[in-house]
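The values are calculated or read from the model by the stated rules, or taken from the named source; none is laboratory data. It should be emphasised that the depicted structure is a prediction, and the values quoted were computed from it without experimental measurement. Counting neighbours? That spans all protein chains shown, and the Cβs are built from the backbone with ideal geometry, glycine included. Remember, those area values only see protein heavy atoms, side chains included, never the ligands or the DNA or RNA. Shrake-Rupley method; radii C 1.70, N 1.55, O 1.52, S 1.80 Å.
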Amino acid sequence: MSEMKDEIILRGLKEHNLKNIDLNIPKEKIIVFTGLSGSGKSSVVFDTLATESRRQMTLNYPLYVRNQMPRYERPHADLMQNLSPVIVVEQRQIGGNSRSTVGTYMDINPLIRLLFSRIGNPPIGSANDFSSQSSFGRCPECGGFGEVIAPDLNKIIDFDKSLREYAVKFKPLSPSGWQGHWMMTCGLFNPDKPLKDYSEEDLHLFLYGPREGERAYAPFHTKNGPHNAEWDGLLPRFTRVYINRDISKLKQVSQDDVLAVSTHSLCPTCQGSGLNPKVLECRINGLNIAEYDQLELPEILEELKNIKDPMGESIARQAIPHVKQLVDMGLGYLSLSRKMGTLSAGEAQRVKIARHLGSSLNNITYIFDEPSAGLHPEEVDMLIQMLKRLKDQHNTVIVIEHNLSVIKVADEIIEMGPGAGVNGGEVVYQGKLEGLKNSPTAAALNHKLKINKYPRDIKSYFSIKRASNNNLKNISVDIPKNVLVCISGVSGSGKSSLMLEAFTKKYPGTIMVEQGGIGISSRSTLATYMGIMDDIRTIFSKETGQPAGLFSFNSSGACPICKGKGVLTPEVAFADPVTIPCEACAGTRYSDEALSYRYRDKNIVEILDLTIDEAINYFEIPKIIKRVQTLKDVGLGYLTLGQTTSSLSGGEIQRLKLASHLQKEGQIYLLDEPSLGLHTEDNEKLLDVFQKLVNRGNSVIIIEHNQNFIAASDWVIELGPGGGKQGGQIIFEGTPEEMLHTETLTARWLKDGVRKQSGQAVW
């Protein structure tokens, strides 16, 4: 009897653009899914395999538990067999909580707090008392934030104006809001007299409230008559309502609005730690918990290993593996106090990976979404070793990846394609690396690195003097104007600190294209995101005499049954959720009335079904043509105008953001890792866009690890030599050709790329 192969069996996959495909995926191997951005990789790996595994895992729990868990709809497929539990490590940014740090995310901080509560000297109560979020542990001065935030009088008030003329510049306290209206009608203040003309007594009452022991009655007038109220002073009110409470729950104002009219300085009581001074007196081997938080990870490892107390040693032993995982992932330059929101995509990805590596479970399917994203080639080597280690522990490792170094170590390659969007969704190739021929990935593997031997002439520079943001070592640098500049260096070397902080502060007009998402929703389409949907509706309105809202599925044109969603999600109690196309509108989202009107022989749905390539030839209005052309320029010609932004891949979202910025006539474009999520073939298109931008007289600066981008630049600046304390210095400035004659880490990999294709050493 022949031995049965243990493999994941998938049949008839139809999610998104998948064309009824079949796949057998071997277990306990490294499987790399590759292909152009939008070719269907995520539809197989995330929307089918991972979703079904998670759905079946939740079925093992009783109903009352399942009701508290995320619920997954069964993917569109005929058969899905032999799935194992899935752990997904996605590219998405980690958490939006401003208090989330590396220590809290990795569950190291609770162990450190426990350690201090057990063996710290002088002793302090419980482990919770070492947290700035506990009533005892938080600093009494700053409330645990580490900063003292106070209203800035000159930013809030214009003394030359009266209350009615918006003397209070902070919008929620101005006449446009109820609080500003109250100030003007309460009878305490003259609303038409400039504040500078107020008597000293009136001005004090207005700004600071009644003096100690006194009260100021200020009736609040409504349509039902006056209500009793007391005036507390503008600055005390601002502090109470907008500083001393969680303003994330307020709709009209954001934290940025409040900080814009405030001063914030390091809290003198806790020195920025957010902790009660009594907590900071407790030490282990001379260090308090705030100093532990500031150490780089290798230093923490040493401290934990030096603990000899039996109780402390057992706690330290639990924390050491977590810290070691981070160091092994090349993140030794981080500290436990580093905010998760400040990590680059590559750093956040590796922190996520480190969190999962501590597990001793096996026979798991690990799914990685471009784990090489944001990594220097030097760090990709570490990543590859980690993937191999997971496989050796009898796990299946599935990786969506464009990085050629990772593709080359795969036990099996599955390439999706042949194109993207409607032109993708098929398996182009499955097998070993050696058999890969005549496909975009095969072409990429044979792609020749083109070193720019004729860089553009440099006539002037942007200057940054003595930058010391984060780990920058007081550096000064001249960045050439009107050429293509590449900023490189290992993770944590200071690239973001230099460009996204120091540079943009000095040159605030810079058009920045960062890595974050775009706030996608199922009702947002390419046409709405690019700002041309209003123009399309206006065209229809002029042509037909009907209101523009009739041609919006978010307004009066919506299908009355599905309310413009195109699908129905009936209530199915505790069963798996079900999404069915709306029969009334056949998924178009529009009412019959909206579809009965036409412009140039097409109704609104037929226009939204046009691809970008088709739309360029269909429309005659210059504004629409110009914006649609920018989408074509970044290689998104195959998408339709009505495609929802929620259905786009990571690489497509990156290029959509770029296209929206290309509409602006900017002088300086700054892009943070534009190659993220892109196949080599897509990168070539993007490079063409950058070269055209420079040819039109713009300055283009990219923060990038990709060798093709570095090689094609006119000028390269490398930071390093390491990350964290070992970084923050300029270690190379020059042309790509000059880089081949230096000994930096980036130079080493660039030389390696040239050497491999020429078969000889380059020095």
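Each part reduced to its alpha carbon centroid, segment 703-719 and segment 584-632 end up 39 Å apart. Taking amide hydrogens as placed 1.01 Å from N in the peptide plane, the amide H of residue 525 sits under 5 Å from those of 645, each at least 5 positions away in sequence or on another chain.
Which of rounded, prolate, oblate describes segment 556-674, given a ≥ b ≥ c as roots of the alpha-carbon gyration tensor eigenvalues and a/c under 1.5 marking rounded, otherwise prolate only if a/b is larger than b/c? Oblate, since a/c reaches 1.5 and b/c is not below a/b. Assign one of three labels to segment 71-183, namely rounded, prolate or oblate, based on the Cα gyration tensor with a ≥ b ≥ c the square roots of its eigenvalues; rounded applies when a/c is under 1.5, prolate when it is not and a/b is larger than b/c, and oblate otherwise. Oblate, because a/c is 1.5 or more while a/b does not exceed b/c.
Which length gain, in nm to one decimal place, applies between residue 554 and residue 601 when the Cα-Cα distance is subtracted from 0.36 nm times their residue separation?
On the way: separation 47, 0.36 × 47 = 16.92 nm, distance 2.34 nm.
Stretched out fully, the residue 554 to residue 601 stretch lengthens by 14.6 nm.
With each label modelled as a point 7 angstrom along the Cα→C-beta vector, the residue 542-residue 6 pair spans 6.7 nm. In straight-distance terms, cross-link reach from residue 5 covers every one of the lysines whose alpha-carbon lies under 23 Å from its own, apart from those fewer than eight places away in the same chain; here that gives 27, 29, 388, 391, 432. Annotation: for a label point projected 7 angstrom from Cα along Cα→Cβ of residue 190, residues of segment 141-171 with backbone N closer than 12 Å are 162-163.
For segment 194-230, the residues whose backbone nitrogen is under 19 Å from a point 7 Å from the Cα of residue 166, taken along Cα to Cβ, are 194-196. The trypsin sites (Lys or Arg not before Pro) of segment 622-697 meeting both criteria, a DSSP state outside H, G, I, E and B (loop) and at most 11 other C-beta atoms within 10 angstrom of the site's C-beta, are 664, 696. Can you find, among 708, 238, 608, the residue sitting farthest towards the positive end of the charge dipole of the chain, where Lys and Arg contribute +1 and Asp and Glu -1 at Cβ? Value: 238. Its DSSP H runs of at least 4 residues, each contributing -39,500 (n - 2.57), put the calculated 222 nm mean residue ellipticity of the chain at -8500 deg cm²/dmol, to the nearest 500. Under a model in which nothing but the beta-carbon of Lys, Arg (+1) and Asp, Glu (-1) is charged, segment 606-694 shows a dipole of about 360 debye around its Cα centre. Note on segment 75-212: with charges restricted to the Cβ of Lys and Arg (+1) and Asp and Glu (-1), its dipole about the Cα centre is near 300 debye.
Give me the net charge for the shell around residue 16: Cβ to Cβ below 14 angstrom, other residues only, Lys and Arg +1, Asp and Glu -1.
Working: positive: 14, 19, 41; negative: 15, 47, 73, 426, 652.
Net charge in that neighbourhood comes out at -2.
The length gained by stretching the chain between residue 575 and residue 389 to full extension, at 0.36 nm per residue less their Cα-Cα distance, is 63.1 nm. Computed over protein heavy atoms with a 1.4 Å probe, the accessible surface of the chain works out to 46 Å² per residue. The loop-placed trypsin sites (Lys or Arg not before Pro) in segment 38-81, going by DSSP, that have at most 15 neighbouring Cβ atoms within 10 Å of their Cβ come out as 71.
The lysine pair count for segment 615-763, using Cα distances under 26 Å and pairs eight or more places apart or on different chains, is 19.
Please give me the summed charge of the neighbours of residue 417: other residues whose Cβ is under 13 Å from its Cβ, Lys and Arg +1, Asp and Glu -1.
On the way: positive: 19, 41; negative: 415, 426, 681, 682.
Here the charged neighbours net out to -2.
Of the residues 476, 83, 343, the one whose Cα sits farthest towards the positive end of the charge dipole of the chain is 476 (charges of +1 on Lys and Arg Cβ, -1 on Asp and Glu Cβ, taken about the Cα centre).
The stretch between residue 229 and residue 259, if pulled fully straight at 0.36 nm per residue, gains 8.0 nm over its current Cα-Cα span.
Placing a pseudo-label 7 Å from each Cα along the Cα-to-Cβ vector at residue 465 and residue 360 gives an inter-label distance of 6.0 nm. With the Cα gyration tensor of the chain giving a ≥ b ≥ c as the square roots of its eigenvalues, does the rule (a/c under 1.5 for rounded; else a/b larger than b/c for prolate; else oblate) give rounded, prolate or oblate? Rounded, because the longest to shortest axis ratio a/c is under 1.5.
Other residues within the sphere of radius under 11 Å centred on the Cβ of residue 357, judged by their own Cβ, net out at +4 (K and R +1, D and E -1). Charged side chains reduced to their Cβ positions (Lys and Arg at +1, Asp and Glu at -1) give segment 149-288 a dipole of some 520 debye around its Cα centre. I'd like the distance separating the alpha-carbon centroids of segment 379-428 and segment 12-80, in whole Å. So the separation of the two Cα centres works out to 17 Å. The fraction of accessible area contributed by carbon and sulfur in the chain is 49 percent, rounded to a whole number (1.4 Å probe; ligands and nucleic acids excluded).
By the rule of a C-alpha distance below 27 Å, with chain neighbours fewer than 8 residues away ignored, the lysines paired with residue 308 are 278, 324. Within a straight-line Cα-Cα reach of under 18 Å, residue 505 can be paired with the following lysines, leaving aside sequence neighbours fewer than 8 residues apart in one chain: 465, 473, 481, 495.
Simple spin-label estimate for residue 742 and residue 411 gives 4.1 nm between the two label positions (7 Å along the Cα-to-Cβ direction from each Cα).
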